[in-house]
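Asks: The structure follows.
The values are calculated or read from the model by the stated rules, or taken from the named source; none is laboratory data. Here the structure is a predicted model, which is why all the values come from computation and not from measurement. Reconstructed Cβ throughout: ideal geometry from the backbone, glycine too, with neighbour counts over all protein chains shown. The protein model used for the area step is the full one, side chains on, heavy atoms only, and it has no ligands, DNA or RNA in it. Shrake-Rupley method; radii C 1.70, N 1.55, O 1.52, S 1.80 Å.
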Amino acid sequence: MPTDQLTPTPRMNLLAIGRDSFRINGVIKKRKETRLTFEELQSIEKHRRDILLRDELPFWLFWTGTCFKEISKDLLVWLTLAIYSGIRIYANSVDYTPDSVYLLEKTNIGALGGFISFFLVLFVNQTNDRFLEMYGFSKACSGRIQDVAGLARTQLPPEVGDKLVRHFNAAHIAGYVGLNGIGQGSPYSKTYFFDVYNKQYNLLTQEEMKMIEHHDMDQSSLCMEELCTWCHDDVAEAHKAGHIDSYQAQFMYDRILAFCDAMDGIYDYTDQPPHFFYIHFLVLLSALYLPLFAIDTAYSAGWGNGCYLGLDVLNGLIVFLQCIFVVGLRSLGTKMIDPYGDDLEDLSVILYVESRLEICITIMNSKRALTNMQMLPPVYKVR
């Protein structure tokens with residue numbers, strides 16, 4: 001039974017997260033009625049592409065898609081700056097040096113800073129490798145569809161090749177919709193994503209839609225897997241009909257299997273994000289380190305008659321830069337964990353789908369300008 005259609009129970013009510021979402025195995029899921037519409041997905045995609053291709057200056061005037069937005073919403077940053085400011089205000093209001101200043105001189109906050117810097121950089125490198133790997137899987141899926149479209153156009157009758165390419169593109173879109181069933185979910189739904197492209201490009205007939213309606217496309221990859229099987233069947237039927245030989249059929253099988261392998265890679269990575277223990281460890285280190293760094297910097301900036309406003313401002317900037325480094329790297333790493341969400345930093349799934357559909361249409365509708373060998377230029381032999 002689909003999870004969105006479950007009858008609420010007292011146990012589920014305890015796990016409810018607001019009115020528009022719920023938890024399944026500890027993961028927050030969006031209800032169908034609150035999922036993003038196709039127009040909203042297009043709007044996100046437009047801003048995503050604008051940010052991705054942004055190279056104009058001055059870059060510091062931008063807000064959307066920058067680290068400033070994340071840092072401004074992080075309470076740890078404001079707490080750290082408040083601690084520093086409070087100590088410096090007190091230091092400027094007294095005319096003596098507290099004994100605690102001499103005690104803090106014996107501490108070594110710098111060692112903790114090097115420790116947390118190592119783990120933060122390691123975390124970002126790991127999530128960046130993961131992000132690029134999943135990007136490679138998406139492009140591999142698109143590439144295999146284009147390969148099959150080219151082979152179908154040149155080796156199969158138009159109606160047979162068109163059927164194969166339609167099924168393959170439908171499997172591609174259904175694969176992204178099925179990500180809702182694992183990991184953090186996906187903003188791409190059957191109603192507002194698959195059905196829109198199916199209606200626009202006539203990928204599946206009404207009879208074919210009825211054949212896969214027993215699968216909950218929004219909650220599993222089974223629909224995508226069945227559509228891939230249809231692609232195998234299309235190739236097998238073409239082989240039996242004598243349209244292609246065994247070698248050509250095997251070539252198409254290999255491309256379909258390569259697509260399945262890449263899509264399975266996306267599902268595997270999505271289903272196994274970095275361990276929560278690791279992320280909690282980094283957050284805990286950040287929450288302990290930044291206030292300690294603010295205290296250490298504030299205490300070492302002078303007291304009483306030894307205070308200088310310019311030095312206070314400079315040290316305040318250093319504390320703020322440290323907040324940008326720690327919180328910025330942590331936020332960057334966490335944003336790259338789930339590349340198929342609705343963040344502006346995520347992968348451009350709509351671009352991958354639409355560009356592949358347009359390329360397939362171009363390939364399948366292509367016309368040769370030369371129709372006979374007499375129109376070819378002569379071949380000159382080297383003597």
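Asks: Rounded to whole Å, give me the distance from the Cα center of the range 321-343 to that of the range 250-290.
Replies: Cα centroid to Cα centroid, the span is 16 Å.
Asks: Please give the Cα centre distance for the range 81-125 versus the range 169-204, rounded to the nearest Å.
Replies: Each part's Cα centre sits 50 Å from the other's.
Asks: Still on this structure, please answer the following. Work out the FRET efficiency for residue 159 and residue 222 from their Cβ-Cβ distance, taking R0 = 35 Å, and round it to the nearest 0.05. The partial results should precede the final answer.
Replies: Numbers: r = 28 Å, r/R0 = 0.79.
In this case the efficiency is close to 0.80.
Asks: Okay, next question. Take the alpha carbon gyration tensor of the range 185-270, find the square roots of its eigenvalues, order them as a ≥ b ≥ c, and report rounded if a/c is under 1.5; if not, report prolate when a/b exceeds b/c, else oblate.
Replies: oblate
Asks: If you don't mind, another one. Report the local net charge at residue 298: Lys and Arg +1, Asp and Glu -1, summed over other residues whose C-beta lies under 15 Å from its C-beta. Mind showing how you got there, number by number?
Replies: Details: positive: 88; negative: 105, 296, 312.
In short, -2.
Asks: Find out how many positive minus negative residues lie around residue 335, taking Lys and Arg as positive, Asp and Glu as negative, among other residues whose Cβ is under 14 Å from that of residue 335. List each step's numbers first, then the result.
Replies: Values: positive: 48, 69, 73, 130, 330; negative: 70, 74, 338, 342, 343, 345, 346.
Residues near residue 335 contribute -2 overall.
Asks: Next question, about the same structure. Residues with beta-carbon under 14 Å from that of residue 247, excluding residue 247: net charge, scoring Lys, Arg +1 and Asp, Glu -1?
Replies: Working: positive: 255; negative: 245, 254.
Computed value for this residue: -1.
Asks: Could I ask something else about it? When only DSSP loop residues count, what trypsin sites (Lys or Arg not before Pro) in the range 85-148 have their Cβ near at most 10 other Cβ atoms within 10 Å?
Replies: On the way: sites: 88, 106, 130, 139, 144; in loops: 106.
Sparse-neighbourhood loop trypsin sites (Lys or Arg not before Pro): 106.
Asks: Taking 22 Å as R0, compute the FRET efficiency from the Cβ-Cβ separation of residue 111 and residue 311 and round it to 0.05.
Replies: Efficiency computed from Cβ-Cβ geometry: 0.35.
Asks: Heavy-atom accessible area per residue, the range 75-145, 1.4 Å probe: how many Å²?
Replies: Details: 3970 Å² over 71 residues.
Accessible area per residue: 56 Å².
Asks: Counting only protein heavy atoms, what percent of the accessible surface of the range 220-374 is carbon or sulfur at a 1.4 Å probe? Write out the running numbers ahead of the final one.
Replies: Details: 4920 of 7850 Å².
Carbon and sulfur together cover 63 percent of it.
Asks: Taking square-rooted eigenvalues a ≥ b ≥ c of the alpha carbon gyration tensor, is the range 254-337 rounded, prolate or oblate, where a/c under 1.5 means rounded and, failing that, a/b exceeding b/c means prolate?
Replies: On the way: a/c = 9.69, a/b = 3.52, b/c = 2.75.
In terms of gyration-tensor shape, prolate.
Asks: Return the inverse of the average 1/r over all pairs of distinct C-alpha atoms in the range 149-231, which is the Kirkwood hydrodynamic radius, in Å to one decimal. Before the final figure, lay out the partial values.
Replies: On the way: mean 1/r = 0.0767 Å⁻¹.
With all distinct Cα pairs of the range 149-231 included, I get 13.0 Å.
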